[in-house]
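To start, the structure under review is shown below, and the notes come after it.
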Amino acid sequence: MVPYGIESIRERIFSRASSVQQVANHALEAAESLNETLNAFLEIDRQGASSCAEQLDRVLDQKAGDVRLPLFGVPIAIKDNICVRGMQTSCGSRILGDYHPPYDATAVERLRAAGAVLIGKTNCDEFAMGSSNENSAFGPVRNPWDTERVPGGSSGGSAAAVAARIVPVALGSDTGGSVRQPAALCGVVGLKPTYGRVSRYGLVAFGSSLDQIGIFGLSARDVARVLGVIAGRDAHDATSAAVPVPDYVEELKGELKGMRLGVPRALFGEGLDDEVRRSVESAIGVYRELGAEIVEVELPHAKYSIACYYIIATAEASSNLARYDGVRYGFRAEEADDLIDMYCRTRDQGFGPEVKRRIMLGTFVLSSGYYDAYYRKAQQVRTLIKEDFRRAFERCDAIVTPTSPTPAFLLGEKTGDPLTMYLSDIYTCIVNLAGVPGISVPCGLSSIGLPIGMQLIGRHWDEALLLKLTHAYENARPFTALPRVVAN
Amino acid sequence: MRFTENEIEKLAVLARLELTAEERRALTPQIAAIIAYVEQLNEVDTSAVEPAIGGLTPEGERTASSRDDVVQPSLGQRVALEEAPDPAYGYFRVPKVI
């Protein structure tokens, strides 16, 4: 049995207990054998992964390269809306189908340069639009803890792949909670870095002022290691900021004494599942025991975040998704009368219902006569939300909330009503609106054995503190439960 | 505002989506409900508030501002056409325009 964490995989490889090939094979076999149950992968790249592993083994044998690379031999899965050369990028949509991008996303390029072995592309809601993974054109991912339940979305495949111990870490993307919410529902750690921390070059755009590549892992340490590799300025993404990248693993150390944690009580009210509330409250108690001071903070405009988010995200999506027109790549509908007819048929046949709904909404809020009443208004409320966080962070160093109002729900439970589904993002989308970093940390199990996550929110660029808080919690209350598909 | 199937049809034209009658019928009440929900933003007084458009942090704002205007290698014609549904003579071929 190959161990799960990055450190132990590297140790195994460097002590020659396993070859890189053996580690990669183990991940590939797990991905293949569990895919019938979980549907977590849209592509498993046995050939690419094997030849990469072979090359790394050669480096090891001949001492011909830098074997101390931070991710040497570590198998990683990538959400299928992030470009990996040699693999498909479908975004869970028929309109891209088996599109093969001719380049690597910057984050992917950096993973490769750090010695990672990319094993495949993970399933997701179409164009990352969804909170349950049921909007994938290629069928939903199933939750490894209970296969009748959703893994969360939109990065459900990456969350499930890490929870099922197929890979120690995976990349996802987070526009309104798409890394943190599935992390919570699958019992893994999920980080959304600060807007501008990780280059989005090669991440298929959804909401450009909100999108950020995020990381799933089984521990703060593993997430820290990957963030250190992918973070930092990239000339290909003008929104990636030239802010120094600390040594996140080094920064995990140290006590929490004197640190102030803010709790926005208003967010613990109506709509929050009792078991989730109790679990997060008890995690706050753990931080108090560890020496942190708990202070109350207010986010007065938090209740408007879903409304604000669904205007801004759909507006940006309707603009970003205009590029799918059947001309340059992807699917094209047959038998069109003329060019416009070809666009319309291609988009009607290529996009699924949720994507169409959001394109229509976004087109509406941007349309002449309504722009000021909806889009501009939402951007003004967004300013107030950013201001709420600025004020709150004068009183505390990080904020604690639940990640999701409930544990994993049943497949089909919320598909009938889009608005109910949108409310799954109530604690997470506010973080994207403010551009600050957030992390979901497993903090307990419900009475029927489903994982519960708490969310920690930090100041701009302060991922190091979030990872340190996560690490401290993991040491105090190790989350050792295993999902059913692994335990069996 | 009141949202009807007629509005949906106009939006579909703007969004270049050819919706079926069934899709239009399903979308109308859904979009109407979501619009009614987001209209709760009208409770907020934003008369003196600037919209949050642009970089989200001062650091992001500074970085986004400039890059040297230097020609860089790009994909090239052959690679750019590799994924095209209907390439012809080094171009993207499309159905007749008018």
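Only the coordinates and a few stated rules stand behind these numbers; no lab work does. These figures come from a predicted structure and were not determined experimentally. With ideal geometry, Cβ positions are generated from the backbone for all residues, glycine too; neighbour counts draw on all protein chains shown.
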In nanometres, what is the gap between the two model label sites at A:K303 and A:S368, each 7 Å from Cα along Cα-to-Cβ? 3.8
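Count, for each residue of B:5-12, the Cβ atoms from other chains sitting within 10 Å of its Cβ, then give me the mean as a whole number.
Working: counts 0, 0, 3, 2, 0, 3, 8, 7.
Taking the mean over all residues of the peptide, I get 3.
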To the nearest 20 Debye, how big is the dipole of chain A about its Cα centre, given +1 on the beta carbon of each Lys and Arg and -1 on that of each Asp and Glu? 840
Lysine pairs with alpha-carbon atoms under 25 Å apart, the protein assembly as shown, spacing 8 or more or separate chains: 23
Paramagnetic label zone (point 7 Å from Cα along Cα-to-C-beta, A:R233; backbone N under 20 Å) in the range A:203-220: A:213
Could the peptides A:312-323, A:257-268, A:95-106, A:132-143 be put in order, highest first, of the mean number of other beta-carbon atoms found within 10 Å of their residues? A:132-143, A:312-323, A:95-106, A:257-268
Given backbone amide H placed at 1.01 Å from N, residues whose amide H is under 5 Å from that of A:E43, ignoring those fewer than 5 places away on the same chain, are A:K121
Hydrophobic long helices for chain A, i.e. whole DSSP H runs reaching 27 angstrom or more by Cα along the axis with Kyte-Doolittle mean at least 1.0, come out as none
I'd like the antiparallel share, as a percent to the nearest 5, of DSSP beta bridges with both residues in chain A. 70
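In a shell of Cβ-Cβ distance under 9 Å around A:L433, excluding A:L433 itself, what net charge do Lys and Arg (+1) and Asp and Glu (-1) give? Kindly include the intermediate steps, with their values, before the conclusion.
Details: positive: A:R382, A:K386; negative: none.
That sum, taken over residues with Cβ under 9 Å, equals +2.
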The protein assembly as shown, helix-only ellipticity at 222 nm - DSSP H runs n ≥ 4, -39,500 (n - 2.57), divided by all residues, nearest 500: -11500 deg cm²/dmol
Each residue of the range A:185-195 in order: what ³J(HN,Hα) in whole Hz does its phi give by Karplus 6.51 cos²θ - 1.76 cosθ + 1.60, θ = phi - 60°, with x for Gly and Pro? 6, 10, x, 10, 7, x, 10, 9, x, 4, 4
How shielded is B:35-43 by partner chains, expressed as the average number of their Cβ atoms within 10 Å of its Cβ atoms? 6
Between the range A:357-393 and the range A:242-317, the alpha-carbon center distance in angstrom: 23
